[in-house]
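Novice: Take a look at this one; I'll ask things after.
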Amino acid sequence: MAAHIEEQQEIDNFKYFWSKIGKWLFVALVLAALGYLGKVLYDNHLKGQNQEAAAELAKMVEKAQANNADTKQLNADLQNLQQNYGKTIAAGQATLMTAATEFDAGRYDVAAGHLKWVLDNQKAPLMQALAAQRLATVKLQQKKYDEALAVLNTAVEPDFEPLLLETKGDVLVAQNKPKEALAAYQQAAAKLAKGAPSGELLQIKINQLK
């Protein structure tokens, strides 16, 4: 009899637990499981997106290397890549490549537009730094010095700061501001890693202004 009462009490306790807490715990577990499943599916989606984007980039590179490369077609391919795979690294690489092609052809406004797209849509630190530096170079070529300096204020990770500081020095030289340019070059040199390939050229620029 005592055993029966104890068993009934355990059942009643479980019912009480389920009515007060169990249902919510079950819901929480289901939500956690769904969240995990969503993450797995999202990661797989991103992986698939990256692979598809890389394949599109490879096609673009092949076309760009052709002697009779069609610039209009390359820009159309780029637009497709940006629209469908805008968050992938491949889209950023393709945009930087196309911007370089447009810059070499003297189409500075088009190049600037591509580089602005990278700044707005690519959050990888390297992409941000390269786009900022190259956009500033385009503005420098156009003699839009204030715009170039504004772009060079883009926040980047410490490893990429020397790149922007050196370019800032180049802009200041073009503005005939040797003291400010020297200060920028020296700041770049102080932040540059020892043995960096760009160190020699940077030191030449510093020596020329001393």
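The values are calculated or read from the model by the stated rules, or taken from the named source; none is laboratory data. A quick note: this is a predicted structure, and the numbers were derived from the prediction, not measured. As a convention, Cβ positions derive from the backbone with ideal geometry for all residues, glycine included, and neighbour counts pool all protein chains shown. Note: areas computed on protein heavy atoms with side chains; ligands, DNA, RNA excluded. Shrake-Rupley method; radii C 1.70, N 1.55, O 1.52, S 1.80 Å.
Novice: Taking the range 173-197 as the region of interest, how many residues are farther than 19 Å from Val138 by Cα and not in a helix (DSSP H, G or I)?
Specialist: Of the residues in the range 173-197, 7 are farther than 19 Å from Val138 by Cα and not in a helix (DSSP H, G or I).
Novice: Still on this structure: Being open to solvent by less than 50 Å² (accessible area, probe 1.4 Å) and modelled with pLDDT of 90 or more is true for just one of Ala90, Ala111. Which residue is that?
Specialist: Ala111 is the lone residue from the list that is open to solvent by less than 50 Å² (accessible area, probe 1.4 Å) and modelled with pLDDT of 90 or more.
Novice: Scan the range 135-142 and tell me whether some residue there is open to solvent by 40 Å² or more (accessible area, probe 1.4 Å), at pLDDT 90 or above and of a type in the set (Lys, Arg).
Specialist: no
Novice: Now a separate question. Only one of these is free of Cβ contacts under 8 Å to residues at least 24 places away in the same chain and of a type outside the set (Ser, Thr, Tyr): Lys72, Lys139, Lys87. Name it.
Specialist: Residue meeting the stated conditions: Lys72.
Novice: Could you run through the range 160-210 and say how many residues are hydroxyl-bearing (Ser, Thr, Tyr) and either over 20 Å from Met127 (Cβ atoms) or in contact (Cβ under 8 Å) with a residue 60 or more places away in the chain (or both)?
Specialist: Count: 1.
Novice: What number goes with the only condition from (1) more than 19 Å from Gln175 (Cβ to Cβ); (2) open to solvent by less than 60 Å² (accessible area, probe 1.4 Å) that Lys116 does not pass?
Specialist: Single failed check for Lys116: (2).
Novice: If Glu200 passes every condition in (1) assigned to a helix (DSSP H, G or I); (2) at pLDDT 95 or above; (3) over 16 Å from the mean Cα position of the chain (by Cα) but one, which one does it miss?
Specialist: Result: Glu200 passes all but (2).
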